[in-house]
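This report concerns only the one structure given below.
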Amino acid sequence: MRMYENAAQVWKGYAKNVFPGLGRNGLLLFGVLFSYAFLYLFPLLTLCSSIGHPDLFLPSILALALGFGLKAIVDRSSGVSPKYAWTLPAAICLLIAIGVASWTIAATGNTYEWKGRRYT
């Protein structure tokens, strides 16, 4: 039996845990999400902009290679195919969106809902 049967359940399951899991600390959530964006998305953006700035190309490639390499090592040690390391930028974007959604639910006084249960 799987914990999540579809994307909506994954979203709600993670949303109920991300912000509360960081002690409902908005500054800590911002720090974590900013760090992920800086470490894993910023190098991709600088690579894309290196067309007009060749001095950014090599540092961008190296930073991306380190991020993808780390992800591949973690995946392999977890029994997941390293080929999924290339999905890291999309995964980070989704994590940031889920983190913001998790914070928004708490900030607006709404409750987290997952599999028919409500959490405050």
Exercise. Being touching a residue at least 12 places away in the same chain (Cβ under 8 Å) and among the aliphatic types (A, V, I, L, M) is the filter; apply it to region 23-60 and report the residue that is farthest from T104 (Cα to Cα).
Key: L47
Practice problem: Scan region 17-29 residue by residue and report those that are within 16 Å of Y112 (Cα to Cα) and surrounded by fewer than 18 Cβ atoms within 10 Å (Cβ to Cβ). | Solution: N17, P20, G21, G23, R24
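A quick yes/no check of all residues on (1) surrounded by 12 or more Cβ atoms within 10 Å (Cβ to Cβ); (2) assigned to a helix (DSSP H, G or I):
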| site | (1), (2) |
| --- | --- |
| V10 | yes, yes |
| A15 | yes, yes |
| G31 | yes, yes |
| L41 | yes, yes |
| C48 | no, yes |
| I51 | no, no |
| A91 | yes, yes |
Self-check item: Test for L62: is it of a type outside the set (D, E), surrounded by 14 or more Cβ atoms within 10 Å (Cβ to Cβ), over 15 Å from the mean Cα position of the chain (by Cα) and more than 20 Å from A101 (Cβ to Cβ)
Solution: no
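Rundown of residues vs (1) of a type in the set (F, W, Y); (2) in contact with a Gly (Cβ under 9 Å, 6 or more places away or on another chain); (3) modelled with pLDDT of 90 or more, yes/no style:
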{"site": "Y40", "(1), (2), (3)": "yes, yes, yes"}
{"site": "L45", "(1), (2), (3)": "no, no, yes"}
{"site": "L58", "(1), (2), (3)": "no, no, yes"}
{"site": "S81", "(1), (2), (3)": "no, no, yes"}
{"site": "W86", "(1), (2), (3)": "yes, no, no"}
{"site": "A91", "(1), (2), (3)": "no, no, yes"}
{"site": "L95", "(1), (2), (3)": "no, no, yes"}
{"site": "T104", "(1), (2), (3)": "no, no, yes"}
{"site": "A107", "(1), (2), (3)": "no, yes, yes"}
Self-check item: Complete set of residues in region 73-89 that are farther than 18 Å from L47 by Cβ and surrounded by 12 or more Cβ atoms within 10 Å (Cβ to Cβ)
Solution: I73, V74, D75, R76, V80, P82, Y84
Quiz item: When G79 is evaluated against the numbered criteria (1) assigned to a helix (DSSP H, G or I); (2) farther than 30 Å from T120 by Cα, which criterion, by number, is the only one it fails?
Solution: (1)
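The values are calculated or read from the model by the stated rules, or taken from the named source; none is laboratory data. Not measured: the values here are computed from a predicted model. Here Cβ is always computed from backbone atoms with ideal geometry, including for glycine, and neighbour counts include all displayed protein chains.
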